[in-house]
Amino acid sequence: MDDWPRIHSAINADRPTRKLPRFNFLRNEELNRLIGVEMCKWIVANSFIKCFNQNLRMPPKRPTRRVLLELSDAMTYAETVHLIAFVYVIGDVLVSVPHSEPPQVVASLLVLNIFVNFYASLVQQMNKRRISRLIQRTIQ
């Protein structure tokens, strides 16, 4: 975990938000629903998790195009950080397996990583698509 601040600052230095605004690795809304992304979104919206990043909230009034673009950038940034964390933890777990970590610990880390990082990224992609539709409406 000592590398995490360095990774975070590298991402923050050159925010990839303009390069990755339309990146979606699960484009199918039906597949998102089948694997439970909407349920995960509900959990995030209705639990203490919603307090973690206040920058990812939709403004209560009718937002301007600029506000929506800033929200989309923040969403893309958070999504990218979750994906990098997902890959980092997978790599860490794969390194831990040969060092005779108990299988229960490895399995727990993998399941926790999927819910904390992968599903969070999928929720952010779902929200980003919704924001993109709102941005398109402001153009018209």
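Data table
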read-out	value
Number of the condition not met by Ala78 [criteria: (1) out of contact with any Leu (no Cβ under 8 Å at 6 or more places or on another chain); (2) touching a residue at least 40 places away in the same chain (Cβ under 8 Å)]	(1)
Criterion violated by Asn28 - all others in (1) modelled with pLDDT of 75 or more; (2) of a type outside the set (A, V, I, L, M, F, W, C); (3) closer than 13 Å to Leu122 by Cβ satisfied	(1)
Some residue of region 60-74 being loosely packed, with under 14 Cβ neighbours inside 10 Å and among the aliphatic types (A, V, I, L, M)	no
Unique residue being in contact with a His (Cβ under 8 Å, 6 or more places away or on another chain), modelled with pLDDT of 85 or more, in a helix (DSSP H, G or I) and not basic (Lys, Arg) when the list is Phe86, Phe118	Phe118
Exclusive hit being of a type outside the set (Gly, Ala, Ser) and farther than 30 Å from Ile139 by Cβ, set His99, His82	His99
Any hit, region 94-101, residues being under 16 Å from the mean Cα position of the chain (by Cα) and over 19 Å from Asn55 (Cβ atoms)	no
Residue check, Tyr119 among the hydroxyl-bearing types (Ser, Thr, Tyr), touching a Cys at 6+ places or on another chain (Cβ under 6 Å) and surrounded by 12 or more Cβ atoms within 10 Å (Cβ to Cβ)	yes
Region 61-83, subset charged (D, E, K, R) and part of a helix (DSSP H, G or I), residue farthest from Arg133 (Cα to Cα)	Glu79
Failed criterion for Cys51 (all others in (1) modelled with pLDDT of 85 or more; (2) surrounded by fewer than 14 Cβ atoms within 10 Å (Cβ to Cβ) hold)	(1)
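Results for (1) within 22 Å of Ser47 (Cα to Cα); (2) touching a strand residue (DSSP E or B) at 6+ places or on another chain (Cβ under 9 Å); (3) in contact (Cβ under 8 Å) with a residue 40 or more places away in the chain; (4) of a type in the set (A, V, I, L, M), shown as yes or no for each residue.
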site	(1), (2), (3), (4)
Val95	no, no, no, yes
Ser100	no, no, no, no
Gln104	no, no, no, no
Phe115	yes, no, yes, no
Arg133	no, no, no, no
Ile139	no, no, yes, yes
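The values are calculated or read from the model by the stated rules, or taken from the named source; none is laboratory data. Because the structure is a prediction, the values reported are computed rather than measured. Methodologically, a virtual Cβ is constructed for each residue, glycine included, from the backbone with ideal geometry; neighbour enumeration extends over all protein chains shown.
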